[in-house]
Amino acid sequence: MHRDNQLGSLYSKNTETDTNPRQYSELRLFFQSEPLAVRRALESILSGLGHLDLNQDDCGTVELVLAEVMNNIVEHAYAGERSGVIELHISGTSRGLFCTVIDDGLPMPDGNPPMGKQHDLSCSREDLPEGGFGWMLIRELADELGYERDGDKNKLTFLLNVERTILTS
Amino acid sequence: MELQTETHGETLVITASGARIDAAGAIDFKDKMRKLTEFGPDKIELNLASVEFIDSSGLGAVVASMKQLPMGKTLCLLDLTPTVAKVFRLTRMDSVFEIRTSNATDGDTRVNAS
């Protein structure tokens, strides 16, 4: 479809090796930093990972962490009038899904991804927080979070520890 | 995201029929909830059985839906799916909302009618 071409491209491949033909798989996407493009990218990713037969809990984790990472790029790295491209790589390894997300937006504040603290929820209804949950969820669900500013690019890496037996079987 | 409403006695039941409440749909969801809850019964139930995915923006919209209720109204969440329940648990929002499973016998009065 024409619209798909505008929003990004996707390929999925299994790298065949003699010893363990199903151990590695790779997914790569490029798409615009817009909320609807993020939604569509998540659909593509989950369908692209379909051959891994992830369980429901792992699928939820993958979709949630990637959604939070990409929403942050849309809202903060490409804040305001800025717009740009988000590049996402996912490699299936024996340790889980290794993810790299690259954008050309503003750097992380203070040069590091936010810590993402738990909110104090013992407040009155009108004072309940409506945001600020994203980094807490990412840090809770992803491992080995790494960030690097490379020229004009942000590069975020992390590991999603999905059931490894599936990836190595 | 379509939201359907039914009134059961003193309770307004709002049923979400879409599969996700995410950053792309959060504002629309919050606006629709405000229109549906502005008037009518004080007791409001939001059935999320069809919602398979929620992100932190969607969670924020559900929180906003409660905060924007007129004084004296309450919001209860029904039938969270596993991924949605996980987001409420990790953010501890499950301690703020009343969360229940809907009563399977609701509307099933024919069983005893014979």
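A few notes on this one:
- Using R0 = 41 Å, the C-beta based FRET efficiency linking B:Asp31 and A:Leu145 works out to 0.75.
- Two-site FRET efficiency, A:Val85 against A:Asn55, from Cβ-Cβ distance with R₀ of 45 Å, rounded to 0.05: 0.90
- Counting other Cβ atoms within 10 Å as a rough exposure proxy, the listed residues A:Ile102, A:Ile73 run A:Ile102, A:Ile73 from fewest neighbours to most.
- Considering only A:Ser25, A:Ala79, B:Met33, the residue lying farthest towards the positive end of the dipole of the protein assembly as shown is B:Met33, judged by Cα position with unit charges set on Cβ.
- Per-residue Cβ neighbour rank within 10 angstrom, fewest leading, B:Asp55, A:Asp53: A:Asp53, B:Asp55
- Dipole of chain B computed with +1 at Lys/Arg Cβ and -1 at Asp/Glu Cβ about the Cα centre; of B:Thr74, B:Leu48, B:Val96, farthest Cα towards the positive end is B:Val96.
- As a proxy for reagent exposure, A:Val85, A:Val162 were ordered by neighbouring Cβ count within 10 angstrom, fewest first; the result is A:Val85, A:Val162.
- Averaging Cα coordinates gives a centre for segment B:1-30 and one for segment A:68-129; these two points are 27 Å apart.
- Of A:Thr61, A:His51, A:Ser122, farthest towards positive along the dipole that unit charges on Lys, Arg, Asp, Glu beta carbons give the protein assembly as shown: A:Ser122
- Net dipole in debye of segment A:69-169 [+1 Lys, Arg Cβ; -1 Asp, Glu Cβ; about Cα centre; nearest 20]: 340
- Intensity falloff of the protein assembly as shown expressed as log10 I(q)/I(0), Debye formula with alpha-carbon point scatterers, at q = 0.08, 0.10, 0.11, 0.13 Å⁻¹: -0.39, -0.59, -0.70, -0.93
- Given their separation in residues at 0.36 nm each and the Cα-Cα distance between them, A:Glu126 and A:Glu75 gain 16.0 nm when the chain is fully extended.
- Computed from point charges on the beta carbon alone (+1 for Lys and Arg, -1 for Asp and Glu), the dipole magnitude for segment B:3-102 about its Cα centre is near 240 Debye.
- Dipole magnitude of the protein assembly as shown about its Cα centre (Cβ charges: Lys, Arg +1; Asp, Glu -1), debye to nearest 20: 120
FYI, it's all coordinate maths here, none of it is from the lab. In this text the structure is predicted, and so the values were computed from the model without any measurement. Cβ sites come from the backbone with ideal geometry, for glycine too, and all protein chains shown count toward neighbours.
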